[in-house]
């Protein structure tokens, strides 16, 4: 629950039934500090210590709220679905035998090895040294890069496999028809450049090569091109130039847990701030994509609102209208937490996952 939560005097705390999209209102964000988005199209607005309609324990039913309703000029929270930046095509398999073992997901994070913020371009899977890594689908080995390669100077042993898509997708205003699966920090290779691979074939083993503090597979999906936007900016005439950064959330293609159980809670703002929120997701929701407000929008999959031309700019989480503060997250943590700090209070905040599902919170100024 959020800090400084107050009791609710009227039966305005809310829960939707699964499968229903509704808008519910509470007296104000200061009266109900925490929003809980639970299950497919289900929402709970929980107020600590609330007692309303004879329901104790901080949760009261508000039975007759309708979509679009805003009561008492207060907070309205709506479960929603919008068009995602890139349509999911989870027809490929995870590259590891235990894909639930994730130490870092795609998007904003605190990186322990550098003690600083980092916009993570992939997923870090953890397991034992030598764990077999497999092809996510049928494809061709694009490249095998041993430790010290110019292409991946810090990646250790790196493998790249090219996979055709079963049907074209639309991304950044153009048709795309292939992805590249990138395996980083391998212990050993099991294939060579140019080899044809089949779904489930062992292509290498998990290791600790390159710059890393532990055994892991750093795994990326790049769409249409292997060239990052940083490289494209430095080499604008290269044949791999597409004009966009190719890194996307791997869940879009290899799948991942999607439980839709997040919390958004107001916390005390720092001096000079108008609003601070805490976003919390369990291990079933490591798939955040969009933060949308009337002040600005961030989209991590399509790099919307981000400057991806240099890593220094990409890893700077102060966007002027919003400052992100992701908290440390490791393979043993059950909750991923990120704070959102606003110098100006927005009228609304939407937070959506890579599939376009999320919650919109109305904030009175």
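The values are calculated or read from the model by the stated rules, or taken from the named source; none is laboratory data. Values in this document were obtained by computation on a predicted structure and should not be read as measured data. For neighbour counting, all protein chains shown are included, and Cβ atoms are generated from backbone atoms with ideal geometry for every residue, glycine included.
Selection over segment 92-117 of residues that are at pLDDT 95 or above and either surrounded by 15 or more Cβ atoms within 10 Å (Cβ to Cβ) or closer than 23 Å to residue 338 by Cα (or both) gives a count of 16.
Residue by residue, here is whether (1) assigned by TED's automatic domain parsing to the domain that holds residue 150; (2) without any contact (Cβ under 8 Å) to a residue 12 or more places away in the chain; (3) under 28 Å from residue 175 (Cβ atoms) holds:
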{"site": "197", "(1), (2), (3)": "yes, no, yes"}
{"site": "205", "(1), (2), (3)": "yes, no, no"}
{"site": "210", "(1), (2), (3)": "yes, no, no"}
{"site": "213", "(1), (2), (3)": "yes, no, no"}
{"site": "216", "(1), (2), (3)": "yes, no, no"}
{"site": "226", "(1), (2), (3)": "no, no, yes"}
{"site": "233", "(1), (2), (3)": "no, no, yes"}
{"site": "238", "(1), (2), (3)": "no, yes, yes"}
{"site": "241", "(1), (2), (3)": "no, no, yes"}
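Does residue 322 satisfy being outside the structural domain of residue 214 (by TED's automatic domain parsing), at pLDDT 95 or above, farther than 20 Å from residue 84 by Cα and buried (at least 21 other Cβ atoms within 10 Å of the Cβ)? Judged against the criteria, residue 322 is a match.
Taking the criterion of being surrounded by 21 or more Cβ atoms within 10 Å (Cβ to Cβ) and assigned to a loop (DSSP other than H, G, I, E, B), the residues of segment 243-262 that qualify are 245, 246, 249, 250, 256, 260.
Of the residues making up segment 263-277, those that are over 14 Å from residue 359 (Cα atoms) and either surrounded by 19 or more Cβ atoms within 10 Å (Cβ to Cβ) or in contact with a helix residue (DSSP H, G or I) (Cβ under 8 Å, 6 or more places away or on another chain) (or both) are 266, 275, 276.
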